[in-house]
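Below is one structure, written out as structure tokens, with a few remarks after it.
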Amino acid sequence: MFGKSSLLNALLKENRAIVTEIAGTTRDTIEEYVTIKGIPLKLIDTAGIRDTKDIVESIGIEKSKNAIDEAELVLLILDAISGISEEDKTLIEMVKNKKHIILVNKIDIGEKISTADLNDENVIEISIKNDIGLDLLENKIEEMFNSVELDSENDVIITNSRHQSLIVKAKQGINNALKSVKDGIPLDMISIDIEEAIQNLGEITGDNVSEEVITGIFAKFCLGK
């Protein structure tokens, strides 16, 4: 009780995930969006990674491992009163080369885990139940995502992997369209790449471009052989 799902609820400030004292309650990923210190985040509550013979839970655990691989930031919760298990050691090793924060939970009850033993600069002691240390967590998240120094006022940093992927796709679509123009490809074919690029950028900004605007763009095209 008061582990991953409780942390999700605490950060969302609502009871989104089911919390019980039974390990393995979370069988699938739960995804929610939240803004912390002005930083938009997609939180993913995953199944706990442990040895199990339960087929459904095993599927959830595989999803958890994939989520760790793809995440920009991993929050790893350890139980302060249980000490560091072999499973915990595996998880610590799994996240050490990723951007991560290790949360030692239930410090209000007792501690069998020493932050010195973890030998990690990104460790925060918390009690989700008593709202201890959650402000430190939010500050740490802000620090991690705002720590990159810009070389000039015109530099832009993309910290959201989904946005990065959409920008890459939009750029590729534009490059394809430019090449098609040079190759004399018909406008209706070029418009497919242009529209896909616009849609990808629209998913980031939330804006939609009307058919009238797209028609206006192609009205100004002048293609020659």
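A few remarks follow.
- Stretching Gln164 away from Thr35 to a fully extended chain increases their span by 44.6 nm, per 0.36 nm per residue minus the current alpha-carbon distance.
- Length gained when the stretch Met94-Ser114 is fully extended (0.36 nm per residue, less Cα-Cα span): 5.2 nm
- Measuring r between the beta carbons of Lys13 and Gln172 and using R0 = 35 Å, the FRET efficiency lands at 0.35.
- Ordered by the count of other Cβ atoms within 10 Å of each Cβ, fewest first, Lys96, Lys182 give Lys182, Lys96.
- Model label sites at Glu195 and Asp135, defined 7 Å from Cα along the beta-carbon direction, differ in position by 5.3 nm.
Bear in mind that the values in this text are calculations on the coordinates, not laboratory data. None of these values were measured; they are calculated from a predicted model. Glycine gets a Cβ as well: all are built from the backbone with ideal geometry, and neighbour counts include every protein chain shown.
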